[in-house]
1. Could you give me the residue pairs with C-beta distances under 8 Å whose first residue belongs to segment 57-77 and is of a type in the set (Ser, Thr, Tyr), whose second residue is surrounded by 15 or more Cβ atoms within 10 Å (Cβ to Cβ) and at pLDDT below 95 wherever it lies, and which are 6+ apart or on separate chains?
2. What number of residues within segment 65-78 are out of contact with any Asp or Glu (no Cβ under 9 Å at 6 or more places or on another chain) and in a strand (DSSP E or B)?
3. Quick one: which of Asp118, Asp65 is of a type in the set (D, E, K, R), under 19 Å from Ser144 (Cβ atoms) and surrounded by fewer than 19 Cβ atoms within 10 Å (Cβ to Cβ)?
4. Cβ-Cβ below 8 Å, separation at least six or inter-chain, first residue in segment 79-100 and among the basic types (Lys, Arg), second assigned to a loop (DSSP other than H, G, I, E, B) and surrounded by 13 or more Cβ atoms within 10 Å (Cβ to Cβ): which pairs?
5. Quick one: which residue in Val72, Val64, Val30 is touching a helix residue (DSSP H, G or I) at 6+ places or on another chain (Cβ under 6 Å), on the phi < 0 side of the Ramachandran plot, among the hydrophobic types (A, V, I, L, M, F, W, C) and modelled with pLDDT of 95 or more?
6. State yes or no: is Ala24 at pLDDT 95 or above, hydrophobic (A, V, I, L, M, F, W, C) and either in a loop (DSSP other than H, G, I, E, B) or surrounded by 19 or more Cβ atoms within 10 Å (Cβ to Cβ) (or both)?
7. With the condition being at pLDDT below 95, farther than 22 Å from Ala44 by Cα and of a type outside the set (A, V, I, L, M), I'd like the strands (runs of 3 or more DSSP E) fully within segment 91-180 carrying at least 2 qualifying residues.
Amino acid sequence: MKKILCTLAVLLGGFLLISNMKPADFDDKVTELASYCNSHGYNANYGILVDYGRTILSRRFYLVDLKTGDVVMRSLCGHGCGNGSSILKVELSNVPGSHCSSPGHYRIGLKRKMYSRDAMAFELDGLDKTNSNARSRSILLHESEWLISHGCVTLRPDRFKKVAEILQTQPKNVVMWVYV
């Protein structure tokens, strides 16, 4: 029994180590995001990458210094619960009422209090066809104790606070790129 528990612990530890490593194409994604921000007049200092190709058990939210390519912060983050999404897979949709997350570039807007509870959030404007309904769907970047949402990108409150501190000091809007 002890040998089985040790084997499971090693396997779980290996899974967590692998799942929390940066993706192989991470540097390319940072370069692509920096280029997008520069060519569209957005903030050139910081950007956010969200890799929904990874499970909810992985730190798949990256706040990145676009000038150096350094990761400023990595975190777990939530996704939408619609259309059969689970902790292991994300179903994507831009359809109102789907409760799904949507891929694409988002302009991170104003910080505000959420309507339904005493939590803070940033408004998101979808910049691509795949997320063009973000504002009308009330898709936000917000703090939450839960990692499943109705399509929003969610962070634990302590992580959200760190991201908010940086976002609020920037002279231009920061772009968040959600991809699979």
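The values are calculated or read from the model by the stated rules, or taken from the named source; none is laboratory data. Owing to the predicted nature of the structure, the values given are computational and were not obtained by experimental measurement. Glycine gets a Cβ as well: all are built from the backbone with ideal geometry, and neighbour counts include every protein chain shown.
1. What qualifies is Tyr62/Lys22.
2. Number satisfying all stated conditions: 5.
3. Every option except Asp118 fails the conditions.
4. Lys89/Thr55
5. Val64
6. no
7. Where strands (runs of 3 or more DSSP E) fall fully within segment 91-180 and carry at least 2 residues being at pLDDT below 95, farther than 22 Å from Ala44 by Cα and of a type outside the set (A, V, I, L, M), they are 104-113.
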